[in-house]
1. Given Cβ point charges of +1 (Lys, Arg) and -1 (Asp, Glu) and nothing else, what value in debye, to the nearest 20, does the dipole of the stretch 2-77 about its Cα centre take?
2. Show me, for the stretch 9-16, the HN-Hα J-couplings you get by feeding each phi into the Karplus relation (A = 6.51, B = -1.76, C = 1.60, θ = phi - 60°), rounded to Hz, glycine and proline as x.
3. Pulled fully out, how much extra length does the chain show between Asp64 and Tyr83, if you take 0.36 nm times their separation in residues and subtract their Cα-Cα distance?
4. Rounded to the nearest 0.05, what FRET efficiency do Met74 and Glu43 have when you use their Cβ-Cβ distance and R0 = 41 Å?
5. Positive end of the charge dipole of the stretch 2-77 (Lys, Arg +1 and Asp, Glu -1 on Cβ, about the Cα centre): tell me which of Ile12, Tyr27, Val72 has its Cα farthest that way.
6. Short version: ³J(HN,Hα) in whole Hz for each residue of the stretch 41-51, in order, from phi by Karplus 6.51 cos²θ - 1.76 cosθ + 1.60 (θ = phi - 60°), x for Gly and Pro, what are they?
7. For Rg/Rh (Cα atoms, Kirkwood Rh), pick the label among (i) 1.23; (ii) 1.66; (iii) 0.93 that corresponds to the value derived from the coordinates.
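Every number in this text was worked out from the coordinates using simple rules, so none of it is lab data. All of these numbers come straight from a predicted model, not from anything done at the bench. We place every Cβ from the backbone using ideal geometry, glycine too, and count neighbours over all the protein chains shown.
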Amino acid sequence: MNFLKNRKIPIIVILILLAIGVYGFFYQKSQLAKLTEERLLLEMEIARLKLVKAELQDQLANTDSREYIESVAMNKYGLVRPYEIIYYVTGEGD
């Protein structure tokens, strides 16, 4: 009988350690999946930001061109060339 009592304690300890190990394994597996998904999202964000950066660099390179300056003057400030005629459509009338 004493022999069985002495064997119960190591078996219980082994089972507890095994349970902790299994829990740790699945916890790490779920954390790995979460981090992998987060990494993919961050890589997509980096790719998007690289495209934005390239577009902004193109715009910056074109800021000295006459066409760019004219388009900003026309679109943002409503300026026109001396020979152009502006028509405003109000929607009123027959």
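1. Numbers: 11 positive and 9 negative charges, 225 e Å.
Result for the stretch 2-77 is approximately 1080 debye, rounded to the nearest 20.
2. 5, x, 5, 5, 4, 5, 5, 5
3. Working: separation 19, 0.36 × 19 = 6.84 nm, distance 2.40 nm.
Taking Asp64 through Tyr83 to full extension adds about 4.4 nm, to one decimal.
4. Details: r = 39 Å, r/R0 = 0.96.
The calculated FRET efficiency here is 0.55.
5. Ile12
6. 3J(HN,Hα) across the stretch 41-51, in whole Hz: 5, 5, 5, 5, 5, 4, 4, 5, 5, 5, 5.
7. It is the one labelled (ii).
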